[in-house]
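Contents: one structure, followed by commentary.
The values are calculated or read from the model by the stated rules, or taken from the named source; none is laboratory data. Everything quoted here is computed from the prediction, not taken from an experiment. Virtual Cβ from ideal backbone geometry, glycine too; neighbours counted across all protein chains shown. These accessible areas exclude ligands, DNA and RNA; they are computed on the full protein's heavy atoms, side chains included. Shrake-Rupley method; radii C 1.70, N 1.55, O 1.52, S 1.80 Å.
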Amino acid sequence: MSLMNNLSNSMIYSSSSAFLAPTSFNSRTHNVSVPLKSPRIVKCIATPQEEQTAYKTKVSRNANIAKLQAGYLFPEVARRRAAHLLKYPNAQVISLGIGETTEPIPDVITSAMAKRSHALSTLEGYSGYGAEQGEKALRAALASTFYGNLGIEEEDIVVSDGAKCDISRLQIVFGSNVTMAVQDPSYPAYVDSSVIMGQTGHFLKDVERFANIEYMRCTPENGFFPNLSNVARTDIIFFCSPNNPTGAPATREQLTRLVQFAKDNGSIIVYDSAYALYISDENPRSIFEIPGAKEVAIETASFSKYAGFTGVRLGWTVVPKQLLFSDGFRVAKDFNRIVCTCFNGASNISQAGGLACLSPEGLEAMQEVIGFYKENTKIIVETFNSLGFKVYGGQNAPYVWVHFPGRNSWDVFTEILKKTHIVTTPGSGFGPGGEGSIRVSAFGHRENVLEACRRFKHLYN
Amino acid sequence: MYKLSACSSMACGISLQTMVLNSWKVRNYKQGSGRCTNVPRNVNLEKLQNNYLFPEISKRELQHLEKYPNAKVISLGIGDTTEPIPEKISLSMANYAHALSTAEGYRGYGAEQGNQALRKAIAETFYKDVAIKDTEVFVSDGSQCDISRLQLLLGSKVTISVQDPSFPAYIDSSVIIGQAGDFQDKTGKYQNIEYMQLGPQNNFFPDLRITPRTDIIFFCSPNNPTGHAATRKQLQQLVDFARDNGSIIVFDSAYSTYISDDSPKSIFEIPGAKEVAIEISSFSKFAGFTGVRLGWTVVPEELLFSGGFPVIHDFNRIVCTCFNGASNIAQAGGLACLSPEGFQAIRAVIDYYKENAKILVDTFASLGLEVYGGVNAPYVWVHFPGSKSWNVFTEILEKTHIITVPGSGFGPGGTEYIRISAFGQRELVIEASWRLEKLLSKGKSPFLTV
């Protein structure tokens, strides 16, 4: 595909983070007015005038990547935020878009990381390559903290540099010949990584779906849990609970049905529990609370939203020994091979932080921070409720899912941004089922959240 | 692949294999075990021949320790750095960690491409004279990870060539992504991979006149495991070869800071390279960051796919989708590494390892063995003609309690060689040299070459 073609194609899908008007490829810090955090845009160079004479290799572009419709969702949101700041340099932009943690990490945790850093300068404390699967003490602590009585052991757990990275590593394990199902709406990394791996077939523009993906619609009408009798069998089922973006937690009864569905179909559930500690009620925190899950499920999780480790980078994935491919081969063995070959372990300093997170003091400190964000969520929910919106989520997750019936979610996103200088995330970025809704994230300093709610009230009253 | 078993009666018209396969699956479910899922294993992973090389070496070390619990094992196998990180650098990481507990110092998600100051520092430190921009630098959590991300970028339909011998991640990641075809036991090679043999006979640089075209050429210089640094002339040939063939070089410069002579430290020193090459590199062996996890990849804007699409755009998409940036604390450390003071302190550690390498080279040379490398890289490559490298590895381990790496782990071209890494505390390296002298001096070992 010629460069010019691609330019015009991606402009149709206006959410492309790649090609704007020809401009130099530059990382984001044009916006010097941004105080603490830099925006996260990357613009690609476009050199149409040189195209005819520019040397080209004879290597074909990966057709799978060409299937991606636009830039990844969150850099696109960041790009729009940055563009907005350029236009309104004095605007007090409040970011409730990307699920970006804002509160400092508790001392007990950062002290452990500082201590580990210092130790690396000493003979006794220096360590080089760690086990690719993670440090033993951390794996053991994860097992006992989160899976204590669920029969998941230290060796079933692999430490990662975050759930997003492990999602792609899991896709590498599965390969291109598997089919997958996702909740609709859901976290875009499942679909995008699937496209990159070549599992998805072509994008069907009229229905805004990839041909080979099974989209499991989750709506208020079905309690945000798919009607499994309408879901075709796929090899892999991505299931996030509490859900990003809807905030819906699956109940024990629902997860039992999901596990049975996977068992009946011989499928593997990839269960994303990144927000489990936000659960307020009795809903399961781990898929392994459901009997039989060990034979059908992998669970991935993250310290990002628990400990503010979005920049520190730490997470984990559980692959039970009982999980087998159709020929009886252990999935954990293949995952281990990928982890040893395509990865080299999470940073030892981050792992020291993770271990501190799981100390009694660390757990308590994390709960406090989580509680803070949950209070933010409550404030946002109340605001939208009071304005007469249909509001979902917010009880068991740091996201509020607000319905704007009949409206295009990118339009609502743009309107909110223009009129209130608040960044949100348009629901359609999470799948066709997200159209007509906006995700408002509850990460932010309290005063910003309160101010944002004031502005929402002003706009929508 | 599937276990054959007694068929249950099924309708005719289905192939026997399908019947057996289906019946096997049905049988499993009928038995109520539900043991296996119905998800097929990735056939690419089945093609991998053994464990990844370095965990296998670790395993052997552990087994040896179990057998000889009192042995003083010296590890000159896995290239694991041993010397502490200079204080200035670890201090900056500690300070960054502390700052994360403050309102002003807290940072959440960073740019997936890396911290801007760090990208700039990398561009200025390593690519100043070759005009690589900070926007072309992508910070990673290490080369091993970026090699796989590059494979995700390139996809299953490209062909690759590797040096033989070379760092096993190029081949293994290629197999995993589906480029490599089947393994051929007879040759010890994957069907679709082009192995560019390196040896003393061709001055450790492939004869490009007889090398078929592939889409991608993985080229590590200074080379792991041979230690050879390609000359400017050789790299110009490589760039010209890539240009003529429309190929992309993935140039691994992880050991460039070990170069002692005027061999190029970056592929971009070669005119024309920006249109044909990607460069990957790492803080691991440079700064002792093997556990801290930091590296980078350079994708020039000029590098285009056959349709004219910039490779950098797709790499950026991979980085944004399959990665979420290197740890911010590690990046703070990286920035400190590139300060004048930090860089100087690191040079002292590199020199320490290079002195180790010299000791090892001298040891083997004095025994009359053919020894290569050790001058521009922290690896010493020793030839044991007529031998099988796993046997030599085992003999050395059994008789001297020293871990090395058998050359065949790096490809069939490494069969008669052993790689000895120069990372280690000085006294252990000296002790190891002494033990090796004892083993390999005349008459005491079947592996001596006259």
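Annotations
- Highest-MSF residue in chain B out of B:SER433, B:SER58, B:SER408 [GNM, Cα springs under 10 Å]: B:SER58
- Estimated inter-spin distance, A:ASN385 and B:ASP262, nm [label 7 Å along Cα→Cβ]: 7.6
- Note on chain A: antiparallel DSSP beta bridges, both residues inside, total approximately 55 percent of the bridges counted.
- Simple Cβ-charge dipole of chain A, Lys/Arg +1 and Asp/Glu -1, about Cα centre, in debye nearest 20: 1320
- D_trans [Stokes-Einstein, Kirkwood Rh over alpha-carbon pairs] for chain A, 20 °C, 1.002 mPa s, µm² s⁻¹: 92
- The residue among A:THR102, A:SER117, A:LEU85 whose Cα reaches farthest toward the positive pole of the charge dipole of segment A:79-236, with charges on the beta-carbon of Lys, Arg, Asp and Glu, is A:LEU85.
- By DSSP, the beta bridges lying fully in the protein assembly as shown are antiparallel in about 55 percent of cases.
- Summed buried accessible area for A+B [probe radius 1.4 Å, Å², rounded to 100]: 9100
- Percent of beta bridges antiparallel (DSSP, chain B, rounded to nearest 5): 55
- Taking all Cα pairs closer than 8 Å and separated by 6 or more residues, the relative contact order of chain B comes to 20 percent.
- Taking only protein heavy atoms and a 1.4 Å probe, the accessible area of chain B is 52% carbon and sulfur.
- Computed over chain B, the per-residue total of -39500 (n - 2.57) for DSSP H runs of n ≥ 4 gives a 222 nm mean residue ellipticity of -12000 deg cm²/dmol, rounded to 500.
- Per principal axis, descending, Cα span of segment B:350-390 in whole Å: 34, 20, 14
- Cβ-Cβ distance of B:ASN202 and B:ASP129, R₀ of 22 Å, FRET efficiency by 1/(1 + (r/R0)^6): the value works out to about 0.15.
- Gained length - A:ALA83 relative to A:ARG446, 0.36 nm times residue gap less alpha-carbon distance: 128.2 nm
- Partner lysines for B:LYS88 [C-alpha distance under 30 Å; skip if fewer than 8 residues away on the same chain]: A:LYS37, A:LYS115, A:LYS136, B:LYS120, B:LYS128, B:LYS133, B:LYS265, B:LYS285, B:LYS354, B:LYS358
- ³J(HN,Hα) computed for each position of segment A:214-225 - Karplus, 6.51 cos²θ - 1.76 cosθ + 1.60, integer Hz, glycine/proline x: 8, 8, 9, 4, 10, 10, x, 5, 9, x, 6, 10
- For segment B:151-301, alpha-carbon Rg over 2.2 N^0.38 Å: 1.01
- Along its three principal directions, the equivalent ellipsoid of the protein assembly as shown from the Cα gyration tensor extends over semi-axes of 44, 32, 28 Å, largest first.
- Interface residues of segment A:195-211, defined as a loss of at least 50 Å² in heavy-atom accessible area between the chain alone and the complex of all protein chains with a 1.4 Å probe, are A:ILE196.
- Taking a straight Cα-Cα cut-off under 21 Å and skipping sequence neighbours fewer than 8 places away in the same chain, the lysines within cross-link reach of A:LYS378 are A:LYS305, A:LYS390, A:LYS457.
- Remark on segment B:21-161: hydrodynamic radius 21.6 angstrom, per the Kirkwood mean of 1/r across alpha carbon pairs.
- Under the Debye formula (equal points on every Cα, no solvent term), log10 I(q)/I(0) of segment B:87-339 at q = 0.12, 0.13, 0.14, 0.16 Å⁻¹: -0.69, -0.80, -0.93, -1.19
- Fluctuation leader among B:ALA94, B:ALA169, B:ALA277 - chain B, Gaussian network, Cα springs under 10 angstrom: B:ALA94
- Number of partner chain Cβ atoms within 10 Å, mean per residue of A:234-241: 1
- Segment B:74-127 - Rg over Rh from alpha carbon coordinates, Kirkwood radius: 1.10
- Label positions at A:ASP264 and B:SER339, each projected 7 Å from the Cα along the C-beta direction, are separated by 6.3 nm.
- Against the compact-protein benchmark of 2.2 N^0.38 Å, the Cα-based radius of gyration of chain B scales to 1.07.
- Placing a pseudo-label 7 Å from each Cα along the Cα-to-Cβ vector at A:SER359 and A:LYS321 gives an inter-label distance of 3.2 nm.
- Between A:LYS457 and A:ASN222, the FRET efficiency estimated from the beta carbon spacing at R0 = 22 angstrom works out to 0.10.
- Residue-normalised accessible area of segment B:92-199, given per residue in Å² at a 1.4 Å probe: 32
- Within 10 Å of each Cβ in B:142-154, the average number of Cβ atoms from other chains: 4
- Hull volume per residue, based on the alpha-carbon atoms of segment A:75-166 and their convex hull, is 191 Å³.
- Each of A:ILE349, A:LEU228, A:THR300 was placed along the dipole of segment A:107-361 (beta-carbon charges, centred on the mean Cα), and the one lying farthest toward the positive end is A:ILE349.
- Chain-alone versus full-assembly comparison, segment A:120-161, residues with accessible loss of at least 50 Å² (1.4 Å probe): A:SER121, A:LEU123, A:TYR126, A:TYR129
- Label-zone membership for segment B:108-126, site B:GLU269, 7 angstrom Cα→C-beta point, backbone N under 14 Å: B:126
- Förster radius 45 Å - calculated FRET efficiency between A:TYR55 and A:LYS418, Cβ distance, rounded to 0.05: 0.60
- With protein chains left intact and a 1.4 Å probe, residues in segment B:314-362 average 29 Å² of accessible area per residue.
- Legend: translational diffusion of segment A:107-361 by Stokes-Einstein, Rh = Kirkwood radius over C-alpha pairs, 4 °C, 1.567 mPa s; D = 69 µm²/s.
- More than 18 angstrom apart: percent of Cα pairs within segment B:252-367: 64
- When peptides A:426-434, B:214-222 are sorted by average Cβ neighbour count within 10 Å, with the highest value leading, the order is B:214-222, A:426-434.
- By the helix-only formula, in which each DSSP H run with n ≥ 4 contributes -39500 (n - 2.57) and the sum is divided by residues, chain A has a 222 nm mean residue ellipticity of -11500 deg cm²/dmol.
- Charged side chains reduced to their Cβ positions (Lys and Arg at +1, Asp and Glu at -1) give the protein assembly as shown a dipole of some 1060 debye around its Cα centre.
- Average accessible area per residue (Å²) across segment B:219-308 - probe 1.4 Å, nucleic acids and ligands excluded: 21
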